[in-house]
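To start, the structure itself, in structure tokens.
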Amino acid sequence: MDQSLALNSLAPFLALAKSATSPRAAADLIAQATSAPNTYVFAELLQQKNIEALQGNEQYGSHHELLQCFAWGTWEQYNATPGLPELSDAQATKLRLLTLLTIASQPKTTTTNLTYSSLCTQLSLASPIDLEHLITQAIYSNLLQGTLNPAAQTVVITSVSPLRDLAPGSVAGMISELEAWSSRCDGVLGELEAEIAKVKAEAVKRDKAEKKMEKQVKAVTDAAEKTDRRGGGGAGTRTAKKAEAEDDGDEDWDGMDVDPGTGGGGGKKKGGGGFGGLMGKLSAKGGGR
């Protein structure tokens, strides 16, 4: 339930409180406000002058204590306080609903204190069926969200409406809880910032490694291209040198030139003087025959 709806439901009683000048009228107004539907916050009513005047009243002072019990107390506190007025069925149901909100919103709420047996004890309910009816009413009234598990005999609460008033002196406790929560948040933020810095450092490291790899690949590629270009010219040079070596070998092979001075081939290679000398020898043999 939205808190504004609960405040709007209390507004008519705030207006009536200004005219409830007698203790009896103020006590009746408290009974009406705590019995009306959708009234779940009572701090403003407690601050009304005519309501505050009930404190210490011998006959109606207990009604003021009852209103305090509805504002920030529980069913157990009501039963433990002697001399409080008897509750109507509507008042009893409302106080049990408010007590259920308190139990479900406790920071240390566990599955143990949300079992059927524990809740029935804290709310003075006779059977689990009565507890299921009460929780169903709380869910349909948008006081809390949760599910019933009859098989496991447990109640799972997921959210609670902020409809309980703060008891006097509870602000210091809330401040300490908020400071603890803020400290936990600072710790989580510190861890997140450290993770972000780590991710950024790794990203920079990867970027440097990639750039270094690109430079290495480029250097290898350029070297390979230069080698290919030099390799083409060197092959032609080696071919020329090989041809010269073969020509030099033919000169050494030319031992058949008997007369280097004849045939105009003296000092020439195989293709000149050597071939002429051979032909001369063959001609001489033919003439002798």
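Return the residue satisfying two criteria in turn: it lies in the stretch 8-25 and is assigned to a helix (DSSP H, G or I) and surrounded by fewer than 17 Cβ atoms within 10 Å (Cβ to Cβ), and of such residues it is farthest from the chain's Cα centre (by Cα).
Restricting to residues being assigned to a helix (DSSP H, G or I) and surrounded by fewer than 17 Cβ atoms within 10 Å (Cβ to Cβ), the top hit is ARG24.
Taking the stretch 133-170, which residues are closer than 26 Å to ALA43 by Cβ, open to solvent by 70 Å² or more (accessible area, probe 1.4 Å), assigned to a loop (DSSP other than H, G, I, E, B) and in contact (Cβ under 8 Å) with a residue 24 or more places away in the chain?
Within the stretch 133-170, ASN142, PRO162, LEU166 qualify.
Out of curiosity, is ILE175 among the β-branched types (Val, Ile, Thr), surrounded by 10 or more Cβ atoms within 10 Å (Cβ to Cβ) and under 16 Å from the mean Cα position of the chain (by Cα)?
no
Assess whether ALA33 counts as being under 39 Å from the mean Cα position of the chain (by Cα), on the phi < 0 side of the Ramachandran plot and of a type in the set (Gly, Ala, Ser).
Taking the combined requirement at face value, the residue does not satisfy it.
Can you tell me which residue among GLN153, GLN137, GLN122 is more than 29 Å from the chain's Cα centre (by Cα) and on the phi > 0 side of the Ramachandran plot?
One residue alone meets the criteria, GLN153.
Which helices (runs of 4 or more DSSP H) sit wholly inside the stretch 26-132 and have at least 3 residues that are crowded, with 17+ Cβ neighbours inside 10 Å, touching a residue at least 24 places away in the same chain (Cβ under 8 Å) and in contact with a helix residue (DSSP H, G or I) (Cβ under 9 Å, 6 or more places away or on another chain)?
By residue number, 61-72, 89-104, 116-123.
Please work out which one of (1) under 25 Å from the mean Cα position of the chain (by Cα); (2) open to solvent by 90 Å² or more (accessible area, probe 1.4 Å); (3) free of Cβ contacts under 8 Å to residues at least 12 places away in the same chain is the condition ALA197 fails and give its number.
Only one criterion is unmet by ALA197, namely (2).
Among the polar types (S, T, N, Q) and under 14 Å from LEU97 (Cβ atoms): is that true of SER124 in this structure?
Criteria met by SER124.
The values are calculated or read from the model by the stated rules, or taken from the named source; none is laboratory data. Just so it is clear, the model here is predicted, and its values are computed rather than measured. Positions of Cβ are generated from backbone atoms using ideal geometry, with glycine treated the same way; all protein chains shown enter the neighbour counts. Each accessible area value is taken on the protein alone, full model and side chains, heavy atoms only, with ligands, DNA and RNA left out. Shrake-Rupley method; radii C 1.70, N 1.55, O 1.52, S 1.80 Å.
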